[in-house]
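Down below is the structure, laid out as structure tokens.
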Amino acid sequence: MKFIYKGVWVLCALLFTSQLFAAQMIMVRSTQSFPEAMLALQSAIKQQGYTVSRVQRVDIGLTNSGYQTDKYRVVFFGKAEEVHELTRKHPELLPYLPWKIVIFAEQDETLLASLDPESFNRFFPDDDLGASFERWRKDIYDILERVRSAEN
Amino acid sequence: MKPGDRMRLITLLALTMLTAPAQAEFNGEQLYARNCAACHGMDGKGGVGVPLALDDFLASVPDSYLFKTIRNGRPGRVMPAFTNLDDEQIRAIVGHIRSWGPPQPSLSGSPIKGNAGHGKLLFDKHCAACHGANGEGSPGTGVTFSRPRDLPILAPALNNPGFLKAAPDQMIKQTLMNGRKGTPMVSFLEMGLSESDINDIVSYVRSFENENGAATSIQLEAETPVLVYESSYDFATTVENVKKAAIGKNFRIIREQYLDQGMVEPGTENTGQKMVYFCNFQLINEALAIDPRVGLFMPCRVTVVEQDGVIKVMSINPKYLSPLFNNSYLNRACNEMYDIYEAILEEATL
């Protein structure tokens, strides 16, 4: 069937792949245990003005197949209006929304990671998207920083 | 000035004087906490990254090795290049890492001239099982906590341009002579190799430099961040088609929901944007063993959208996301997922 949106990206890909080596991931470690860090994350997301739309387990069945932890979640979040507005203007962004943060246990501590929205600039070269990516990046930093500095 | 105020001022001055010299150290610690602790652990015990707080490690590497590793990273091996830090900041981080163990060794800078041919034979016999036939390193990330696997600590890629650029011959030699207590890397002197054997292996490892861009540092190239197909079916039929196609590729449908569900009042969702989530535990397991962060790809999802009377099905492009992880072992999984997404989108719209 018809494959659209293709040509434009080829050029961008050629121009930018060399830069993709850099860190494109925002990660923090919380010294809190998984359940505490999970609470801190959800409250930080709300404090930043977003709604947690879903907490998804991806690990159902993992423990059955020898995986030793089930403390692994994907937390989806967004702002309804922003999502509506952006996906109307930029439907190509749809598969990446709502935004997500993964959270998983590493022994007594907890790791959180999210893609860096700024890394999307290269493939969605649009001014108003650029502004959104920059804001998301700041928001994700703030959210994760709040989780990191949450007291035990 | 009242005596109380004077006292306060003196205290303040004293405090300023006390804290000033400690500033640099504090900086290194803070920079480490922000940039490195997520992977290497607050105290350098390892995590997604390998352990750094190891006496044998610190005793065998010069500060220049730490500096260059931070600056250049290890392309394709998770360890990022910290191009955003200036030299002084990197030196502060190196200082902080040094505070965990012995000072840097004084290693001679002269290259080691061994017999690389003989070194290759020894490498195949003694090293390849862990470090890979071509020194490409073992799959996975630093230290395993929840993911059972053969090696408790990942064997670094020795053919990696980042490693080879940072590591002087004498450092590689030291590592082979002494091993690293607390890791699977043993002393090969104790394993019965001679110093001349070790020189030969070092020369062979150095020869990886001629490979010109090791396979482990290759990044996938994606033409587009999204895969999009147009459907000639109506919305509901397209959703059903997506589900059928995913099941046909051995996935389980785990959820179907509107994109803004959970963000808006129930009943007011935009019914023209629906997400179908599906997964395959074996794939998840395999991917998590390579990189615990791959949950960012999960669960698998196809979005069906109706806009201006046109129905489209879309997904992320795994090849586009792969380089963001800087983990070349993910490339195969991402190529595979790319093919699967393409097949599902195509079948659903056929």
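Any chance you could run the full-extension gain for B:M42 through B:E195? It's 0.36 nm times the residue separation minus the Cα-Cα distance, nm to one decimal.
Values: separation 153, 0.36 × 153 = 55.08 nm, distance 3.64 nm.
Stretched fully, the B:M42-B:E195 segment lengthens by 51.4 nm.
By the scheme Lys and Arg +1, Asp and Glu -1, what is the net charge of all other residues having a beta-carbon under 11 Å from that of A:M27? Working shown, then result.
Working: positive: A:R29, A:R148, B:R34, B:R293; negative: A:D116.
Local net charge: +3.
At 7 Å along Cα-to-Cβ for each site, give me the label-to-label distance between B:E209 and B:Q89 in nm.
Here the answer is 2.9 nm between the modelled labels.
Loop by DSSP (not H, G, I, E, B), at most 16 other beta-carbon atoms within 10 Å: where is the longest site-free stretch of chain B for chymotrypsin sites (Phe, Trp or Tyr not before Pro)?
Working: sites that count: B:W100, B:Y233.
Segment B:101-232 is the longest.
At a threshold of 8 angstrom on Cα-Cα distance, excluding pairs fewer than six apart, so keeping six or more, what relative contact order does chain B reach in percent? The partial results should precede the final answer.
On the way: 570 pairs, mean separation 60.0, N = 350.
With pairs under 8 Å counted, the relative contact order is 17 percent.
Give me the Kirkwood hydrodynamic radius of region B:226-349 in Å, from all C-alpha pairs, to one decimal place?
On the way: mean 1/r = 0.0666 Å⁻¹.
Result for region B:226-349, one decimal place: 15.0 Å.
Rounded, prolate or oblate: which fits region B:18-109 when a ≥ b ≥ c are the square roots of the eigenvalues of the alpha-carbon gyration tensor, with rounded for a/c under 1.5 and prolate only if a/b beats b/c?
On the way: a/c = 1.33, a/b = 1.11, b/c = 1.20.
Rounded, since a/c falls under 1.5.
So what are the three principal axis dimensions of the protein assembly as shown from its Cα atoms, in whole Å, longest to shortest?
81, 72, 45
Report the net charge of residues surrounding B:P184, where surrounding means a beta-carbon distance below 12 angstrom and charges are Lys +1, Arg +1, Asp -1, Glu -1.
Numbers: positive: B:R149, B:R180, B:K181; negative: B:D150.
Computed value for this residue: +2.
Could you grab the relative contact order for region B:226-349? Cα pairs under 8 Å, six or more apart, rounded to a whole percent.
Numbers: 181 pairs, mean separation 44.9, N = 124.
About 36 percent, as a whole number.
Taking only Cα atoms and a 10 Å spring cutoff, compute GNM fluctuations for chain B and point out the largest among B:M298, B:M275, B:M263.
Top of the fluctuation ranking is B:M263.
Run the simple label-point estimate for A:Q107 and A:D127 please: 7 Å along Cα→C-beta, distance reported in nm.
Modelled inter-label distance: 5.2 nm.
Counting pairs of alpha carbon atoms under 8 Å apart in space and at least six apart in sequence, what relative contact order in percent does region B:111-246 give? Provide the component values of the computation, followed by the final result.
On the way: 151 pairs, mean separation 42.7, N = 136.
Taking the mean separation of contacting Cα pairs over the length of region B:111-246, I get 31 percent.
Please say if chain B is rounded, prolate or oblate, where rounded means a/c under 1.5 for a ≥ b ≥ c the square roots of the C-alpha gyration tensor eigenvalues, and otherwise the choice is prolate for a/b larger than b/c and oblate otherwise? Can you show the working numbers first?
Numbers: a/c = 2.93, a/b = 1.40, b/c = 2.10.
Oblate.
What longest range of chain B stays clear of loop-exposed trypsin sites (Lys or Arg not before Pro) (DSSP non-H/G/I/E/B, at most 12 other C-beta within 10 angstrom)? Intermediate values should be presented prior to the final figure.
On the way: sites that count: B:K113, B:R149, B:K181.
Longest gap between qualifying sites, sites excluded: B:182-350.
What value does region B:259-331 have for Rg/Rh, both radii from Cα atoms and Rh as Kirkwood defines it?
On the way: Rg = 15.3 Å, Rh = 14.3 Å.
Taking Rh as the inverse mean 1/r over Cα pairs, Rg/Rh reads 1.07.
Mind giving me the FRET efficiency for A:R88 and B:R332? R0 is 41 Å, r the Cβ-Cβ distance, nearest 0.05 is fine.
On the way: r = 37 Å, r/R0 = 0.89.
With R0 = 41 Å, the Cβ-Cβ based efficiency is 0.65.
State, in square angstrom and to the nearest 100, the accessible area buried between chains B and A, both chains counted, probe radius 1.4 Å.
On the way: alone 18810 and 9690 Å², together 22420 Å².
Buried area (both sides, nearest 100 Å²): 6100 Å².
Calculate, in nm to one decimal, what B:D308 and B:S64 gain on full extension: separation in residues at 0.36 nm each, minus their alpha carbon distance. Write out the running numbers ahead of the final one.
On the way: separation 244, 0.36 × 244 = 87.84 nm, distance 5.92 nm.
Contour length minus Cα-Cα distance gives 81.9 nm.
Nearest 0.05, what FRET efficiency do B:A236 and A:Y141 give at R0 = 41 Å with Cβ-Cβ as r? Please report the intermediate quantities before stating the final value.
Values: r = 41 Å, r/R0 = 0.99.
So the FRET efficiency works out to roughly 0.50.
Which whole-number value in Å² is the accessible area per residue of chain B, probe 1.4 Å?
On the way: 15760 Å² over 350 residues.
Solvent-accessible surface per residue comes out at 45 Å².
Rounded to the nearest percent, how much of the accessible area of region B:226-349 (1.4 Å probe, protein heavy atoms only) is carbon and sulfur?
On the way: 2090 of 4490 Å².
Carbon-and-sulfur percentage of accessible area, whole number: 47.
If you take the Cα Rg of region B:128-275 and divide it by 2.2 N^0.38 Å, with N the number of residues, what do you get? Working shown, then result.
Numbers: Rg = 25.6 Å, N = 148, 2.2 N^0.38 = 14.7 Å.
Relative to the 2.2 N^0.38 Å estimate, region B:128-275 comes out at 1.74.
Suppose every Lys and Arg Cβ carries +1 and every Asp and Glu Cβ carries -1, with no other charges. What dipole size does chain B come out with about its Cα centre, to the nearest 20 debye?
Details: 32 positive and 38 negative charges, 220 e Å.
With Lys and Arg at +1 and Asp and Glu at -1, about 1060 debye.
Anyone know which of B:G248, B:G132, B:G28 comes out most mobile in the 10 Å Cα GNM of chain B?
Greatest mean-square fluctuation among the candidates belongs to B:G248.
Between B:E342 and A:S33, what FRET efficiency follows from the Cβ-Cβ distance if R0 is 56 Å, with the result rounded to 0.05? If you can, show how the numbers build up before the last one.
Working: r = 41 Å, r/R0 = 0.73.
Result of the calculation: an efficiency of 0.85.
Would you tell me the mean number of C-beta atoms belonging to other protein chains that fall within 10 Å of each C-beta in B:225-234, as a whole number? List each step's numbers first, then the result.
On the way: counts 12, 11, 4, 10, 4, 4, 2, 2, 0, 0.
Across B:225-234, the average partner-chain Cβ count within 10 Å equals 5.
The values are calculated or read from the model by the stated rules, or taken from the named source; none is laboratory data. Everything numeric in this text was worked out from a predicted model, so none of it was measured. Glycine gets a Cβ as well: all are built from the backbone with ideal geometry, and neighbour counts include every protein chain shown. With ligands, DNA and RNA removed, areas are computed over all heavy atoms of the protein, side chains included. Shrake-Rupley method; radii C 1.70, N 1.55, O 1.52, S 1.80 Å.
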